[in-house]
1. Taking A146 as the residue in question, decide whether it is out of contact with any His (no Cβ under 8 Å at 6 or more places or on another chain) and at pLDDT below 90.
2. Based on this model, can you work out whether S67 counts as in a loop (DSSP other than H, G, I, E, B), open to solvent by 30 Å² or more (accessible area, probe 1.4 Å) and not charged (D, E, K, R)?
3. Which one of these does M191 not meet: (1) part of a helix (DSSP H, G or I); (2) farther than 27 Å from N16 by Cβ; (3) open to solvent by less than 50 Å² (accessible area, probe 1.4 Å)?
4. Kindly indicate which of L176, L126 is open to solvent by 50 Å² or more (accessible area, probe 1.4 Å) and either under 30 Å from W225 (Cβ atoms) or in contact with a Phe, Trp or Tyr (Cβ under 7 Å, 6 or more places away or on another chain) (or both).
5. Tell me which residues, restricted to segment 239-260, are at pLDDT 55 or above and surrounded by 10 or more Cβ atoms within 10 Å (Cβ to Cβ).
6. Among all residue pairs at least 6 apart or on different chains, which show Cβ distances below 7 Å where the first residue, located in segment 17-36, is over 24 Å from S55 (Cβ atoms) and the second is aliphatic (A, V, I, L, M)?
7. Working only within segment 70-119, note down all residues that are assigned to a helix (DSSP H, G or I), farther than 14 Å from F212 by Cβ and of a type in the set (F, W, Y).
8. Here is a list: L125, L185. Which entry is within 23 Å of the chain's Cα centre (by Cα), free of Cβ contacts under 8 Å to residues at least 24 places away in the same chain and in a helix (DSSP H, G or I)?
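The values are calculated or read from the model by the stated rules, or taken from the named source; none is laboratory data. Being a predicted model, the structure only gives us computed values, none of them experimental. Note: ideal-geometry Cβ built from the backbone for every residue, glycine included; neighbour counts use all protein chains shown. The protein model used for the area step is the full one, side chains on, heavy atoms only, and it has no ligands, DNA or RNA in it. Shrake-Rupley method; radii C 1.70, N 1.55, O 1.52, S 1.80 Å.
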Amino acid sequence: MEDSYRKKMTLGQDGNALVQLVVINAVLFVILKFIYVIYVLNSLNPAAYQNNVLSWLVLPATLDKLSARPWTVLTYMFSDQHVFRFIGNMFWLWGFGYILQDLTGNRKLIPIYLYGGVAGAAFFLLCYGIFPRLQVQAPLAQLAGANASVIAVAIAVTTVAPDYRIFPMINGGIPLWILTVLYLLIDFSTMAHGETGIYIANLAGAAAGFFFIFRLRRGHDGSIWMNQFFDWVNDLFNPDRQKRGRSPKDEFYYKVSGTQPYKKIPNVTQQRIDEILDKINQQGYRFLTDEEKEILKRAADEEDL
């Protein structure tokens, strides 16, 4: 039943976080490549492109440069110049992100992606600031690409369900943790020798993904404030949208403990089903109430008839 009702979250649906992340990365990649081609066609020095364009988006390794372009803490994770690294990151993001949405809903992916990127940026700056051998390289060191963010997504979804099966036609399926180990081996083996800061940034991204799920299992959802901010920004441009969240009356109803005085048999309407499907899209099937699951069960039974 859960599989049948997940079909509502199609790849082209408005608000699909996975599609949004891939599109943002792809658009910025194409724009940067287009600008680079213009520099080449006009016989300009590639170093000029690096200094005038790319350096304003990638993360520098020194605090003095960072103070002049603080936005690079966020923009670096969407900025990449290496074609194969970009394709690889988007491939793995699509695979792990799709499974994460399947397990936790639509509103965890972007926060985990951003947390992983920010953690990678913080430890990248830290290691170049405290290790003397790296301090010498700091003026020329930069961090670019979505590696730390994608690793955060991979570790997060593996922490949620390490035995999740993919390719079930192959001997019952391959456990997710095996795919994650393969991804980590490929990712770290393709780094250039001596890129210590990038290694540390990726490890920090992995830790961020694990810590997010660790906290989530203990009742602390680190995505709530971020999603509320995104909703607030979105509502600024869509003032006619209905307000999210339950009313105080609904909150009271669902928080009251104890036995119900009677069994409530909800009406099955298309509008109610659509609302439940939207909730599955946003939060995941496991967050449905017993009443909502009962509505889906009754709707499925009626379809069978």
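1. Values: out of contact with any His (no Cβ under 8 Å at 6 or more places or on another chain): yes; at pLDDT below 90: no.
Judged against the criteria, A146 is not a match.
2. On the way: in a loop (DSSP other than H, G, I, E, B): no; open to solvent by 30 Å² or more (accessible area, probe 1.4 Å): yes; not charged (D, E, K, R): yes.
Spelling it out, it is not the case that S67 is in a loop (DSSP other than H, G, I, E, B), open to solvent by 30 Å² or more (accessible area, probe 1.4 Å) and not charged (D, E, K, R).
3. Condition not satisfied by M191: (1).
4. Working: L176 fails: open to solvent by 50 Å² or more (accessible area, probe 1.4 Å).
Going through L176, L126 in turn, the sole match is L126.
5. Keep residues of segment 239-260 that are at pLDDT 55 or above, which gives 239-241.
Hit for segment 239-260 is R241, nothing else.
6. Hits for this filter: A17/L109; A17/I110; L18/L109; V19/L11; V22/M90; V22/L93.
7. Once the filter is applied, which keeps residues that are assigned to a helix (DSSP H, G or I), farther than 14 Å from F212 by Cβ and of a type in the set (F, W, Y), segment 70-119 yields Y76, F78, F84, F86, F91, W92, W94, Y98.
8. Working: L125 fails: free of Cβ contacts under 8 Å to residues at least 24 places away in the same chain.
Testing whether each residue is within 23 Å of the chain's Cα centre (by Cα), free of Cβ contacts under 8 Å to residues at least 24 places away in the same chain and in a helix (DSSP H, G or I) leaves just L185.
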